[in-house]
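Asker: Sharing a structure below in structure tokens format, with a few things to ask.
The values are calculated or read from the model by the stated rules, or taken from the named source; none is laboratory data. Everything numeric here is computed off the predicted structure, so don't read it as measured data. Note that we place each Cβ from the backbone using ideal geometry, even for glycine, and neighbour counts take in every protein chain shown. All accessible areas refer to the heavy atoms of the entire protein, side chains included, with ligands and DNA or RNA removed. Shrake-Rupley method; radii C 1.70, N 1.55, O 1.52, S 1.80 Å.
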Amino acid sequence: TCEGVELARTPQDLARIKASGSLAVMKGIENGYAVGLDLANVERFARRGVVYMTLCHNGDNDICDSAMQSAREHGGLSAFGRQVVAEMNRTGIMVDLSHASEETFYAALEISATPIVCSHSSTQALCNHPRNLTDKQLRALAEVGGVAQITAYPGFLRLDGQASVEDVVRHVEHAVEVAGIDSVGIGTDFDGDGGVP
């Protein structure tokens, strides 16, 4: 353990840790590829305290199609991917749709029994990158109680010139305007090359 930092698994943990003045850290998995083809792995991850998982990363996997370098082999979620989303719902792991294709996004939104998070995405209206969320996606996410967390990754903030903190603010403001303040957060991606001057 580290002084001033605690692991959180539930909303109650988050509230308690915040009230104590400490920082809360949640375990996550970036890329559902870790599940392999064994649905039981989802429950294994939940028992180890995993709170959220992106269904994919920068390529398609057995669960779904990615926004990047996708052959669109599943047309969104695979049949196995639908089982994975249901099992994540059952075990309390948040479905994270950052990195997912638009088809995957809408399929998961339709079948998930719990709100969805996009833990590190930005807005396509301000930076036309396939990893970013369209205004339609932002509105759909808000309608089901989900959250889009704007990332500080330079390539998702602007396609030309050097991205800055002002670009992050512009994306946050745009997302709030489209989806409402309760559906927007910040997901810096500092551990994945995120960060701006």
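Asker: Show the residues, 5+ positions off or on another chain, whose built amide H is closer than 5 Å to the amide H of M26.
Answerer: Correct list: A8.
Asker: Let me ask something else. Return, ordered by residue number, the residues of region 71-92 whose backbone nitrogen is under 19 Å from a label point located 7 Å along Cα→Cβ of E110.
Answerer: It comes to 72-89, nothing else.
Asker: Which whole-number percentage describes the relative contact order of the chain, with Cα contacts under 8 Å and a sequence gap of 6 or more?
Answerer: The value is 14 percent.
Asker: For the chain, what is the calculated [θ] at 222 nm in deg cm²/dmol (nearest 500), taking -39500 (n - 2.57) for each run of four or more DSSP H residues and dividing by its residue count?
Answerer: Rounded to the nearest 500, it is -9500 deg cm²/dmol.
Asker: Write down, largest first, the equivalent ellipsoid semi-axes of region 11-125 in whole Å, where each equals the square root of 5 times an eigenvalue of the alpha-carbon gyration tensor.
Answerer: 25, 16, 12
Asker: If one computes P(r) from the Cα atoms of the chain, what percent of pairs lie at distances over 26 Å?
Answerer: Counting pairs separated by more than 26 Å, the tail of P(r) holds 32 percent.
Asker: Another one. Picking from Q137, Q12, Q69, which is most flexible by a Gaussian network model of the chain using Cα springs under 10 Å?
Answerer: Q12
Asker: Can I ask one more? Run the 1.4 Å probe and let me know the accessible area of I186, rounded to the nearest 10 Å².
Answerer: 110 Å²
Asker: Would you mind working out the accessible area per residue for region 114-197, using a 1.4 Å probe, and quoting it in Å²?
Answerer: Result: 48 Å² of accessible area for each residue.
Asker: Based on alpha-carbon atoms only, what is the radius of gyration of region 15-57 relative to the globular estimate 2.2 N^0.38 Å?
Answerer: Normalised Rg, Cα atoms only: 1.43.
Asker: Using mean Cβ contacts within 10 Å as the protection proxy, how do 110-116, 79-85, 50-56 order, highest first?
Answerer: 50-56, 79-85, 110-116
Asker: Something else about it: Counting only residues 5 or more places away or on other chains, whose amide H sits under 5 Å from the amide H of T123 once H atoms are built in the peptide plane?
Answerer: For T123, the qualifying residues are L133.
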